[in-house]
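Working notes, structure below.
The values are calculated or read from the model by the stated rules, or taken from the named source; none is laboratory data. Only a predicted model underlies this, so the values are computations on that prediction, with no experimental measurement involved. Glycine gets a Cβ as well: all are built from the backbone with ideal geometry, and neighbour counts include every protein chain shown.
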Amino acid sequence: MTGLDWAVVAAYFGLLLVLTWWVILKNKDTPEDYFLAGRNLSWWVVGASIFSSNIGSEHLVGLAGSGATDGVAMAHYELHAWCLLVLGWVMIPFYIGSKVFTMPEFLERRFDPASRWVLSVISLVAYVVTKIAVGIFAGGIVFSVLLPELRLGPLDAFWIGSILVIVLTGAYTVLGGLRAVVFADALQTVVLVVGSILVTYYGLQAIGGWDELRRIAGSEMFNLWKPLVPEGMQATWAPVIEPDRMAWYFNDNYPWLSMLFCAPVIGMWYWCTDQYIVQRALGAPNQREARRGAIFAGMLKLLPVFVFIIPGMIAFALASSGQSANLQEAMIGPDGEVLRDEAQRAFPLLVATILPPGIRGLVVAGMLAALMSSLSSTFNASATLFTMDFYSKLHPNVSQKRLVWIGRLATTVMVLIGLAWIPVIQGGRGLYDYLQGVQAYLAPPIFVVFFLGVFWKRLNAPGCLAALIVGFLMGLFRLAVDTPPQLIAGFQYTPDSFLWIVNNMFFQYYSILILLVCVVVMVGVSYATAAPDYQRISGLTYGTATAADRLETRNSWNAVDVIASVAILVAILAAYLYFRG
């Protein structure tokens, strides 16, 4: 980092400070203003904030690292931009019409208060074990690469970076609420996208162009289909089979069966039901602005394949070909293979190695923007969940200013818990794999109760509660079983024992198991108990939507929305057709 680089980074933070101060002056310090920005966000702010919130540490560190080790394999998750179309076209009418603050509150309207409490607990736990801790960890990774000699007493660059990211992000999140978060996200989206495109551009120049990258990396790294169709079965859609082992059950690849059924469930849970994402849409004034924000975010969501995965592959190509001694020393082991743990540093290593002064500062600002936007969104979502779903229920007569203060306090507590979880992540297989695994365990019950609840009016509160509890316990059980082998060196379960089977079952198959159990439980319990009061849930399901509800939805979209949505689907199809090895 040169003086020019630091000047660019300082300019970015100065602009962020001015923006935050402007937002603070506009805030009215009411719950609706603090948690939902007064419900007057335009579609471009909603879309940019959704994208910026999503593009965080798991992409900056984990997805680029995955590109360095496995090529475009993990692009399957990024190409689930179509899930944002489901949010915009299917779920937005019910969310906007209900005027709720949180996703658990919507579940209360559809089912009962108990469902709201359980989902709030699940969501807060999910934020601790995924978004907060992963964001903090990635901040440490970035600082450890860019400033490896930085120390402060017993703290090295990793921990200093983690703490700095928390403090800087927490400052504007606590003071400005959702309005500060979304406008900062809009700024950070521009910086992040421009910076990441520059990394790809300079990376391709360093390697000798796109054709040279394909030659060095090999066709396998450009093959999106390889994880889905195993070697020896290129022309089939059969599950992975290996001699003497139920490989469809235990597998280290991403076989088609699990990707077909598990990945979309995780995608629709994340994009369509998670407070972290949907809160931005709830801040829109009407269906039209919320839907267009989701469509705009879907367009932006196609970028990570090219601005994170490809740079990771470029880092691998530069290292494996010996064109960059720094990258080769950092990423390649004695056997010539990529070191998976070190691959998580691929993106910051590339930034430190190939970029000229000034440009490097802009990209570092973009990296910090990605980390901060992801964390700020999590902080605000966590504060909203705790304040509106727990504290306000226990203290119904509390003042509005008190609710805002409690939200700020809740954010601080969540950060401290997240810090304590970092050692677990450090022992994992990789940041992106860790995140996908945890989400796969927590997503199915939430997906089931929201989507079945919207499409199937007969399902009731006891069925919803039973599905949430059973699914959540199954997910926690898997997390508990997975943790000892990651924390304790040399720890392993007795081969072929029950705990060994649970620990070694491919995480996506375990997710499918949770999904199937939750569907059976929700439907079974619902039909074994009384039907819900359809008058009470009017407008909250397709079966109880009124003629006025349908007319309002129809009037909220036009040909522009349809064309933009079709363009996203065509782009996704084109990516699958191009990346065939």
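In the stretch 538-556, how many are assigned to a loop (DSSP other than H, G, I, E, B), on the phi < 0 side of the Ramachandran plot, touching a helix residue (DSSP H, G or I) at 6+ places or on another chain (Cβ under 7 Å) and surrounded by fewer than 18 Cβ atoms within 10 Å (Cβ to Cβ)?
Final tally of qualifying residues: 1.
Tell me the residue from 123, 98, 66, 57 that is within 17 Å of residue 272 (Cβ to Cβ), at pLDDT below 85 and not acidic (Asp, Glu), please.
123
For residue 444, work out the one condition from (1) modelled with pLDDT of 80 or more; (2) over 20 Å from the mean Cα position of the chain (by Cα); (3) not hydrophobic (A, V, I, L, M, F, W, C) it doesn't fulfil.
(2)
Does the stretch 557-570 hold any residues that are part of a helix (DSSP H, G or I) and surrounded by 16 or more Cβ atoms within 10 Å (Cβ to Cβ), and which are they?
Answer for the stretch 557-570, where residues must be part of a helix (DSSP H, G or I) and surrounded by 16 or more Cβ atoms within 10 Å (Cβ to Cβ): 561, 564, 565, 568.
Go through the residues of the stretch 457-479 one by one and say whether even a single one is out of contact with any Leu (no Cβ under 8 Å at 6 or more places or on another chain), among the charged types (D, E, K, R) and part of a loop (DSSP other than H, G, I, E, B).
yes
Select, from 551, 573, 499, the only residue that is free of Cβ contacts under 8 Å to residues at least 24 places away in the same chain and under 28 Å from the mean Cα position of the chain (by Cα).
Selected residue: 573, the only one of 551, 573, 499 that is free of Cβ contacts under 8 Å to residues at least 24 places away in the same chain and under 28 Å from the mean Cα position of the chain (by Cα).
Specify the residue that is farthest from residue 126 (Cα to Cα); the eligible residues are those in the stretch 471-502 that are out of contact with any Phe, Trp or Tyr (no Cβ under 9 Å at 6 or more places or on another chain) and of a type in the set (Val, Ile, Thr).
488
Taking helices (runs of 4 or more DSSP H) that fall entirely within the stretch 269-349, which contain at least 3 residues that are surrounded by fewer than 24 Cβ atoms within 10 Å (Cβ to Cβ) and more than 25 Å from the chain's Cα centre (by Cα)?
325-331
Determine which member of the set 510, 534 is assigned to a loop (DSSP other than H, G, I, E, B), within 30 Å of residue 462 (Cβ to Cβ) and in contact (Cβ under 8 Å) with a residue 60 or more places away in the chain.
Unique residue meeting the criteria: 534.
Criterion first (modelled with pLDDT of 90 or more and part of a helix (DSSP H, G or I)) does residue 485 satisfy it?
no
So, in the stretch 448-496, how many residues would count as being in contact (Cβ under 8 Å) with a residue 24 or more places away in the chain, closer than 21 Å to residue 528 by Cβ and exposed (fewer than 15 other Cβ atoms within 10 Å of the Cβ)?
The number of residues fulfilling the criteria is 2.
Quickly run through the stretch 383-414 and pick out the residues that are hydroxyl-bearing (Ser, Thr, Tyr), farther than 19 Å from residue 115 by Cβ and touching a residue at least 40 places away in the same chain (Cβ under 8 Å).
Selection gives 411, 412.
Condition check: farther than 30 Å from residue 197 by Cα, in contact with a Leu (Cβ under 7 Å, 6 or more places away or on another chain) and modelled with pLDDT of 75 or more. Does residue 452 satisfy that?
yes
Being at pLDDT 80 or above, in contact with a Gly (Cβ under 7 Å, 6 or more places away or on another chain) and more than 19 Å from residue 167 (Cβ to Cβ) is the filter here, so list the residues in the stretch 8-33 that pass it.
Of everything in the stretch 8-33, just one residue is at pLDDT 80 or above, in contact with a Gly (Cβ under 7 Å, 6 or more places away or on another chain) and more than 19 Å from residue 167 (Cβ to Cβ), namely 8.
Among the residues of the stretch 488-507, write down those that are over 16 Å from residue 441 (Cβ atoms) and part of a helix (DSSP H, G or I).
Residues satisfying the conditions are 498, 500.
Consider residue 517 carefully, then state whether it is in a helix (DSSP H, G or I), modelled with pLDDT of 90 or more and closer than 29 Å to residue 76 by Cα.
yes
Could you say whether any residue in the stretch 456-466 is modelled with pLDDT under 75 and not small (Gly, Ala, Ser)?
No, the stretch 456-466 contains no residue that is modelled with pLDDT under 75 and not small (Gly, Ala, Ser).
Can you pull out every residue in the stretch 349-397 that is out of contact with any helix residue (DSSP H, G or I) (no Cβ under 7 Å at 6 or more places or on another chain) and either small (Gly, Ala, Ser) or over 24 Å from residue 53 (Cβ atoms) (or both)?
356, 393, 394, 395, 396, 397
Which count do you get for residues in the stretch 571-581 that are crowded, with 16+ Cβ neighbours inside 10 Å and at positive phi?
So the answer is 0.
Going through the stretch 75-122 one residue at a time, which ones are among the β-branched types (Val, Ile, Thr) and in contact with a helix residue (DSSP H, G or I) (Cβ under 7 Å, 6 or more places away or on another chain)?
86, 92, 96, 100, 102, 118, 122
When the residues of the stretch 203-217 are filtered to those that are surrounded by 14 or more Cβ atoms within 10 Å (Cβ to Cβ) and among the small types (Gly, Ala, Ser), which remaining residue is nearest to residue 348 (Cα to Cα)?
Among those residues, the one meeting the criterion is 203.
Go through (1) surrounded by fewer than 24 Cβ atoms within 10 Å (Cβ to Cβ); (2) more than 26 Å from residue 127 (Cα to Cα) and name the single condition residue 386 misses.
(2)
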